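The values are calculated or read from the model by the stated rules, or taken from the named source; none is laboratory data. Bear in mind that the values here come from a model prediction, so they are computed numbers and not experimental data. Neighbour counts run over all protein chains shown; Cβ positions are idealised from the backbone, glycine included.
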Amino acid sequence: MTSTLAALALACLLAGTARAADAPAAPVEAGPVAQVGQPAPAFTLPDTAGTAHSLAAHAGKTVVLEWFNPDCPFVKHAYDTGLLPGLAATWTGQGVVWLRINSGAPGKQGHGAPRNQQAIDAWSLQGPVLLDETGAVGQRYGAKTTPHLYVIDPAGTLVYAGALDNAPLGKVDGAVDGTARIDYVHAALGALGAGKAIDPSLTRPYGCSVKYPD
Amino acid sequence: MDPTAALVTATLLSSHAAVSPGQELWLGLRLEVAPGWHVYWDNPGDSGLPTTVEVAAPGLRVGPVRWPAPALLAAPGGLWNQGYEGEVTLLLPAWVEDEAQELQVTGEARWLACRADQCIPGQAALALRLPAGAAAPTGALDAAIAALPTPAPLSPGADGLRASLPGVEGLHLFPSRALADAATVQALPSPEGTEVVVSPRAEPAPGAHLLAVAEGPAPRRAWYLYLPPPESP
């Protein structure tokens, strides 16, 4: 218990230090666009309260990254009428870390700590929304849409990238994968938990464009 | 007020005002998109959603959409989209069955309208009555039909599928979603003009095609390059 408290105190101290720093370190290590089968790029981003979150802190756990914009109709559909809240709650209940990342630039749709905190409250989201105002983390991961989802296995390897499902706005896109609904992320997490191959591991994301800086 | 109403107006049109048994005709979904906004082609690119149209009538067979050439639209962050601004008409080939009389065509169109800072999905119910009678052309779709990309087959070659476009220099290639997921496409200069090469990585799904659009000012020449039908056993 004492060591846990000490670790917490140290973490707070470190977070405080990071926030106090005038010129924060780059949010993500430089390198080529992330690829499925390769190590997931490390990053550190602030949440809506300004607390820093790093991917490295979740080493040894399965992590889902969900590119997020609370004012994008595809995101709104997934939360208001779709299956995303239940999906996220189910998997976080099983120890999966679910990080939403908003790479919208200042002044763009769905940007900023107040709006994203409001979305957390309105949709009762568990876990933070991380703010990537420069778009550096989004560009490093090749995030193109909201939603755009990534699954990272406990070893830190990117094992899935793409769409939430094959049903944009709830309507199955028959031109891509036939007529049956497929929940790609749910299937990937299930396969990962069962030690099976993830197939497909790469799908075409759909949705609003990520609102990167001009 | 429905905020999408002003963004996109959808109308179902016919190449002919009346129909008779065995007749071939075109149906057309005309979308009038508000200035500054766009809707998407079959393959929307880095984001977006394909426009869809489904129409049906008892006694009428309707083929898949024949898309006009899309425009390449840039978005911040190095993202690219493929779609349409202003007015666009999606054509559907149709055939009247032998026993058919008057046709009540109904259907639905869905689209995603976007501008730089936001996207709004929209849909419209479509209806068109085509009385039985002598096939009088309406002229409503003439311009859209004339602007259709020219069909040309891709022929199997040693290193994939090829199509030769003589006298053409500078092409944008637009692979459909079904083709983009299964193949790499490239345009190579040739002594005669341009050679389009399609290198499949997997079996393309039915309907896989690409549009090749000549660079330069509008109206730009365009080709609809389709895969040869599978050989019958």
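What are the residue pairs meeting all of these: first residue in the range A:190-214, first residue at positive phi and crowded, with 18+ Cβ neighbours inside 10 Å, second residue of a type in the set (Ser, Thr, Tyr) and not in a loop (DSSP other than H, G, I, E, B), Cβ atoms under 9 Å, and 6 or more apart or on different chains?
Listed by first residue and then by second, the contacts come to A:Gly207/A:Thr145; A:Gly207/A:Thr146.
List every residue pair whose Cβ atoms lie under 8 Å apart, where the two residues are 6 or more positions apart in sequence or sit on different chains, the first residue falls within the range A:56-82 and is at positive phi, and the second residue, located anywhere, is in a loop (DSSP other than H, G, I, E, B).
Between residues of the range A:56-82 that are at positive phi and residues that are in a loop (DSSP other than H, G, I, E, B), the close pairs are A:Gly60/A:Pro154.
Give the residue that is surrounded by the fewest Cβ atoms within 10 Å (Cβ to Cβ), with candidates limited to residues of the range B:56-75 that are over 23 Å from B:Pro151 (Cα atoms) and touching a Ser or Thr at 6+ places or on another chain (Cβ under 8 Å).
Going through the qualifying residues, I end up with B:Ala56.
Hey, B:Arg201 hits all of (1) of a type in the set (D, E, K, R); (2) in the same structural domain as B:Arg30 (by TED's automatic domain parsing); (3) under 28 Å from A:Ala163 (Cβ atoms) but one; which does it fall short on?
Looking at each condition in turn, B:Arg201 falls short on (2).
Which one is nearest to the other protein chains (Cβ to nearest Cβ) among residues in the range B:4-16 that are in contact with a strand residue (DSSP E or B) (Cβ under 9 Å, 6 or more places away or on another chain) and modelled with pLDDT under 95? Walk me through it before giving the result.
Residues of the range B:4-16 that are in contact with a strand residue (DSSP E or B) (Cβ under 9 Å, 6 or more places away or on another chain), as a first pass: B:4-5, B:7-16.
Then keep just the ones that are modelled with pLDDT under 95; that gives B:4-5, B:7.
Details: B:Thr4: 10, B:Ala5: 16, B:Leu7: 13 Å.
Here the answer is B:Thr4.
Hey, could you check the range B:24-47 for residues that are surrounded by fewer than 19 Cβ atoms within 10 Å (Cβ to Cβ) and more than 23 Å from B:Gln118 (Cβ to Cβ) and say which is nearest to the other protein chains (Cβ to nearest Cβ)?
My answer is B:Arg30.
May I ask you to say which residue of B:Leu92, B:Leu126 is within 30 Å of B:Asp46 (Cβ to Cβ), surrounded by 15 or more Cβ atoms within 10 Å (Cβ to Cβ) and touching a Ser or Thr at 6+ places or on another chain (Cβ under 8 Å)?
Values: B:Leu92 fails: touching a Ser or Thr at 6+ places or on another chain (Cβ under 8 Å).
Every option except B:Leu126 fails the conditions.
Please count how many residues of the range B:109-141 are hydrophobic (A, V, I, L, M, F, W, C), at pLDDT 90 or above and over 25 Å from A:Tyr206 (Cα atoms). Outline the logic, then answer.
As a first pass, look at the range B:109-141 and keep what is hydrophobic (A, V, I, L, M, F, W, C): B:109, B:111-114, B:116, B:119-120, B:124-128, B:130, B:132, B:134-136, B:140-141.
Restricting the remaining residues to those that are at pLDDT 90 or above gives B:109, B:111-114, B:119-120, B:124-128, B:130, B:132, B:140-141.
Applying the additional criterion that residues be over 25 Å from A:Tyr206 (Cα atoms) yields B:126-128, B:130, B:132, B:140-141.
Count: 7.
Select from the range A:113-129 the residues that are part of a loop (DSSP other than H, G, I, E, B) and either in contact with an Asp or Glu (Cβ under 7 Å, 6 or more places away or on another chain) or modelled with pLDDT of 95 or more (or both) and list them in ascending order. Give the derivation first.
Of the residues in the range A:113-129, the ones part of a loop (DSSP other than H, G, I, E, B) are A:123-128.
Matches in the range A:113-129: A:Pro128 only.
Test B:Gly207 against the criterion of being outside the structural domain of B:Asn43 (by TED's automatic domain parsing), under 15 Å from the mean Cα position of the chain (by Cα) and either part of a loop (DSSP other than H, G, I, E, B) or among the charged types (D, E, K, R) (or both), and give yes or no.
Working: outside the structural domain of B:Asn43 (by TED's automatic domain parsing): yes; under 15 Å from the mean Cα position of the chain (by Cα): yes; either part of a loop (DSSP other than H, G, I, E, B) or among the charged types (D, E, K, R) (or both): yes.
Here the answer is yes, as B:Gly207 does meet what is asked.
Does the range A:130-140 contain at least one residue that is within 14 Å of chain B (Cβ to nearest Cβ), farther than 13 Å from A:Phe68 by Cα, charged (D, E, K, R) and touching a residue at least 60 places away in the same chain (Cβ under 8 Å)?
The answer is yes; a qualifying residue exists.
If you check every pair at least six apart or on different chains, which have Cβ atoms under 7 Å apart with a residue in the range B:48-67 that is away from chain A (no Cβ under 12 Å) first and a residue that is part of a loop (DSSP other than H, G, I, E, B) and hydrophobic (A, V, I, L, M, F, W, C) second?
Note: pairs meeting the criteria are B:Val53/B:Val65; B:Gly59/B:Ala100; B:Leu60/B:Ala100; B:Arg66/B:Leu148.
Filtering the range A:158-181 down to residues that are crowded, with 17+ Cβ neighbours inside 10 Å and part of a loop (DSSP other than H, G, I, E, B), which residue is nearest to the other protein chains (Cβ to nearest Cβ)? Walk me through it before giving the result.
First, the residues of the range A:158-181 that are crowded, with 17+ Cβ neighbours inside 10 Å: A:158-169, A:173, A:175-177.
Then keep just the ones that are part of a loop (DSSP other than H, G, I, E, B); that gives A:163-167, A:173.
Numbers: A:Ala163: 11, A:Leu164: 13, A:Asp165: 13, A:Asn166: 12, A:Ala167: 11, A:Asp173: 8 Å.
Filtering first and then ranking leaves A:Asp173.
Select from the range A:43-61 the residues that are part of a loop (DSSP other than H, G, I, E, B) and touching a strand residue (DSSP E or B) at 6+ places or on another chain (Cβ under 7 Å) and list them in ascending order.
Step one: list which residues in the range A:43-61 are part of a loop (DSSP other than H, G, I, E, B), which gives A:48-51, A:59-61.
A:Thr48, A:Lys61, listed by residue number.
Take the range B:131-154 and flag every residue that is of a type in the set (Ser, Thr, Tyr) and exposed (fewer than 12 other Cβ atoms within 10 Å of the Cβ). Full working, then the answer.
So the first thing to find is which residues in the range B:131-154 are of a type in the set (Ser, Thr, Tyr), and the list is B:138, B:150.
B:Thr150, the sole residue that qualifies.
From the list B:Ser190, B:Ser176, exactly one residue is among the hydroxyl-bearing types (Ser, Thr, Tyr) and touching a Phe, Trp or Tyr at 6+ places or on another chain (Cβ under 9 Å). Which is it?
Values: B:Ser190 fails: touching a Phe, Trp or Tyr at 6+ places or on another chain (Cβ under 9 Å).
Only one candidate passes the filter, namely B:Ser176.
For B:Cys119, which of the numbered conditions (1) within 24 Å of B:Thr106 (Cα to Cα); (2) assigned by TED's automatic domain parsing to the domain that holds B:Trp26 fails to hold?
With respect to (1) within 24 Å of B:Thr106 (Cα to Cα); (2) assigned by TED's automatic domain parsing to the domain that holds B:Trp26, B:Cys119 is out only on (1).
Considering only residues that are more than 18 Å from B:Gln82 (Cα to Cα) and at the interface with chain B (Cβ under 7 Å from one of its Cβ atoms), which ones fall in the range A:194-211?
Initially, the range A:194-211 is screened for residues more than 18 Å from B:Gln82 (Cα to Cα), giving A:194-203.
Within the range A:194-211, no residue meets the criteria.
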